[in-house]
Amino acid sequence: MRVLFVTSPGLGHLFPTIPLAQAFRAAGHRVRYATGGLGLAAAEAGFDVVDVTPDLDYLPVYLPQESGDGVPTDHPMFAEDPDDAELATLFARVSGVMVDGVLAAACDWSPDLMVAPPLQAAGRLVAAALGVPLVEPRLGSYDSGASLRTLLRAGTAPHWERHGVTGEPAATVALTTLPPSLTALLPEDRRTPGAGLLRHVPYNGGSVLPGWLRERPRAPRIAVTLGTIEAQWGGIAILEPLLKAARGVDAEFVVTLGGGDPALLSDVPPNVRLVEWAPLDQLLDTCAAIVHHGGSGTLLTAAAAGIPQCVIPRGSYQQTGADLLPARGIGLVAEATTLGAAECRALLRDDRLRENARQVRAELLAMPTPAETVARLAESLG
């Protein structure tokens, strides 16, 4: 079976799909990606990739009204809890610039199955155009709502019309990577009834591990990350209060810069290690806790590590599930301006947080693996 994966041009959209693609390939199926921008990193995971938007600068696509005065904090990419209509408008635009390239890639290769997260509406359109089944893996709470799919279909309607596509994919199978106890805490409109369970298997790219990451830390270690978007646009500066407070905490802090300018962080204390990048799953294996931006991939990778989390409510539209952490008792939500030693000590010492985090990890590990999911899909759709 030929399986074409279509993802939006961001690592937060690409990385969660890689384990499923690897499972398809390991089962003997042929796998190809059709994507653009940062999504081309799929090639680094060993996959053939079609660049559907060569030479396109995605910044004006994501921020078409960029004024030069900085990134607007009310933009849906950075808003604390954007509604479905805002996300649909944004990703209808992102999907729209990819439609023609994805359709061409699919027509060239004739896939038997397409896989695309709900926010990448080009996948659904092209699956409908070719009359093949579509697998929609929900990547978190932000893309699980039923209304989002309807809004994206409406937002991309001009592309359906100009390509003369009027039907739907031959079948649509929804998958969710959220453990059931987290799904149960979502509002009704954020759930996907009937979605099959798919274990989140962390994928963060390969790397040559530095010596400090292979060694056992001398003190409890706390990871700090803002993901792959916010840091690059100056957001790293919001960590200044946390780093000031870190001086009074008996722990080592590892801050991944993610393209951010370290000059924005002044007077870094000796128990803070700044690194450009580290594979998050490997880093969290050495950590007792994490402070992060709320991205769903980061949240689920921390859940897989079984450690408490603290979310800073700024820096990712994916953080719409951040309130799940305190509701499930596996973490905290704190403002960047007030996040300090007390919250860090709670992450390290609160037995309730640690026990609940272990429970969610066990729940996640009980979910069907990508390999088991592929076998089920091949049987039902093959």
- For the range 277-356, what D do you get in µm² per second when you plug the Kirkwood radius from alpha-carbon pairs into Stokes-Einstein at 25 °C and 0.890 mPa s? 197 µm²/s
- Query: How much area per residue is accessible in the range 232-382 when the probe is 1.4 Å and only protein heavy atoms are counted (Å²)?
  - Reply: 39 Å²
- Message: List the residues, sorted by chain then number, that are 5 or more residues from residue 31 or on another chain and whose placed amide H is less than 5 Å from its amide H.
- Response: 3
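Taking R0 as 45 Å, what FRET efficiency do you get between residue 215 and residue 59 from their Cβ-Cβ distance, rounded to the nearest 0.05?
0.70
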- Item | Among 131-138, 33-40, 374-381, 108-115, the order from most to least packed when residues are scored by Cβ within 10 Å on average | 33-40, 131-138, 108-115, 374-381
- With all protein chains modelled, accessible area of residue 166 [1.4 Å, Å²]: 130 Å²
- Task: Please say if the range 101-145 is rounded, prolate or oblate, where rounded means a/c under 1.5 for a ≥ b ≥ c the square roots of the C-alpha gyration tensor eigenvalues, and otherwise the choice is prolate for a/b larger than b/c and oblate otherwise?
- Result: prolate
- Please pull out the direction-averaged projected area of the chain, using the convex hull of its alpha-carbon atoms, in nm² to one decimal place. 17.9 nm²
- 5 angstrom amide H check on residue 138, placed H, neighbours 5+ away: 175, 176, 177
- Item | Residue-span extension gain [residue 104 to residue 147] - 0.36 nm each, minus C-alpha spacing | 12.6 nm
- Accessible-area composition of the chain, carbon plus sulfur, in percent [1.4 Å probe]: 52 percent
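The values are calculated or read from the model by the stated rules, or taken from the named source; none is laboratory data. This one's a predicted model, so the numbers in the text were calculated from it and none came from an experiment. Cβ coordinates were reconstructed from backbone atoms using ideal geometry, including for glycine residues, and neighbour counts include every protein chain displayed. Side chains are part of the model used for accessible areas, which takes the heavy atoms of the whole protein and leaves out ligands, DNA and RNA. Shrake-Rupley method; radii C 1.70, N 1.55, O 1.52, S 1.80 Å.
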